[in-house]
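Accompanying notes for the structure given below.
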Amino acid sequence: MPNNKFTLRTENREGQTVVFLSGEFDLEVATQMRTTMEPLIELTDRRLTLNLHDLKYIDSTGIGILISIVKARHARSASFDVEHVPTHILKLFDMTGVTPFLAKAE
C-alpha cells in the first residue's frame, strides 16, 4: 500500500542518479526506501545523490538508513552525497553527528 506522506522518485542524469525524497521519512516507509535504494547502491559507476529539498521529517530509522547507504557506498568505493538539505533537517543531522558523513553536492 503506498504511503501518501512519503514519496520518492529517481532521475538519471549523465553519470549520476538522483533520488528525490518528499514528505516524512520514518519507520513506516523504511521498507520502501530500502527496496528502492538497494539496486542503486550497486551502481558503483554512477554518483548517487539524495535530494532532500522536499523532505519534511526524518526519524532515527531514516537516519539509520542514510548511514547504511553511506557505509555501503564507501565499501564499494562509490560516491554518495546529499543536496538541498532543508535547515530543520540539517540541524537534526548536526545534532546526531551524521553531517560529516553526508558529503554535500554542489
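In the stretch 19-40, the residues that are part of a helix (DSSP H, G or I) form Cβ pairs under 9 Å with partners that are among the charged types (D, E, K, R), at six or more places apart or across chains, as follows: Leu27/Asp59; Glu28/Lys5; Val29/Lys5; Leu40/Arg46. All conditions but one from (1) on the phi > 0 side of the Ramachandran plot; (2) over 13 Å from the mean Cα position of the chain (by Cα) apply to Asp94; the one that does not is (1). Taking every residue in the stretch 93-106 that is modelled with pLDDT of 90 or more and pairing it with any residue that is polar (S, T, N, Q), at least 6 positions away or on another chain, the pairs with Cβ-Cβ distances below 9 Å are Phe93/Thr99; Thr96/Ser60.
Under the condition of being assigned to a loop (DSSP other than H, G, I, E, B), out of contact with any helix residue (DSSP H, G or I) (no Cβ under 8 Å at 6 or more places or on another chain) and hydrophobic (A, V, I, L, M, F, W, C), the residues counted in the stretch 79-106 number 1.
The values are calculated or read from the model by the stated rules, or taken from the named source; none is laboratory data. Note that the coordinates shown come from a computational prediction; the quantities given were computed from them, not determined experimentally. Neighbour counts are summed over all protein chains in view; Cβ atoms, including those assigned to glycine, are modelled from backbone coordinates with ideal geometry.
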